[in-house]
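The values are calculated or read from the model by the stated rules, or taken from the named source; none is laboratory data. Being a predicted model, the structure only gives us computed values, none of them experimental. So basically every Cβ, Gly included, is an ideal-geometry build from the backbone, and we count neighbours across all protein chains shown. With ligands, DNA and RNA removed, areas are computed over all heavy atoms of the protein, side chains included. Shrake-Rupley method; radii C 1.70, N 1.55, O 1.52, S 1.80 Å.
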Amino acid sequence: MPSPLRSRLVFEMAETTLADVLVEMADTLVDDFDVIDFLHALTERCVQLLDVSAAGILLTDQLETLQLVAASSERTRLLELFQLQTDQGPCVDCFNTGMPVSVPDIRSAGRWPRFTAAAAEVGFVSVHALPMRLRTQVVGALNLFGVQPGPLDDARLRAGKALADIATIGLLQQRAIRHRDLLTDQLQTALNSRILIEQAKGVLAERLHVDLDQAFALLRRSARDRNRRLAELAQAIVAGTETIPATPVVTPAH
């Protein structure tokens with residue numbers, strides 16, 4: 001059992017890291033920030049900070065229908081899409097109720113049989129979903145997946161809630177809070193951008209003989225290097241007007 005001093009030091013280090021991440025996220029919230037890149041960065045920070053295996057974000061579109069906009073890995077993206085297609089799973093329940101859903105071991109939960117089978121197929125055992133909400137307005141869900149059974153402790157749940165809150169604030173912004181139409185337009189733009197990005201990932205994967213995770217990493221890094229928006233560069237790649245060199249990319253293991 002760790003000593004009280006060691007536990008306190010670990011807790012203080014985690015608090016410092018969370019503060020750094022919140023500052024990093026807040027620094028991106030300018031008037032014309034790249035929504036897709038912001039949300040993907042958030043999923044990556046969740047994996048790093050909360051000690052989970054993967055993370056995903058679902059948002060509503062103009063028709064109040066849930067859509068996938070960010071995932072930390074390809075297998076997470078596929079599982080999130082499966083939830084949406086079957087309208088069954090903890091993340092869907094989280095959005096519909098506006099309440100957190102925490103399942104330490106989905107194999108013994110006795111809920112969402114189709115989701116449980118799909119999660120097991122890609123290696124996930126535990127899942128925790130946090131609503132992205134401001135007061136009564138729920139715009140989506142932040143979803144955390146683990147390859148080992150077990151709950152999230154109070155400290156990690158609080159940190160996850162803080163990350164979900166800052167993402168919600170980023171999406172709602174001051175103008176969107178005042179004008180609902182601006183919010184729905186921004187979310188719809190993000191969803192349309194996602195389609196272009198998925199197409200560009202497929203093009204790059206085929207041309208460069210890499211997997212989809214590596215293709216996205218190449219696309220994202222190239223967009224940053226060229227000071228371009230992800231969707232803008234993705235559209236150029238799909239149209240064949242721009243290319244990306246096959247630079248080796250190391251993606252984190254999940």
Checklist outcome for this item: With a 1.4 angstrom probe the carbon and sulfur portion of accessible area for the range 58-146, in percent, totals 52
Item to check | Label point distance in nm, Gln199-Ala155, each placed 7 Å from Cα along Cα→Cβ | outcome: 4.7
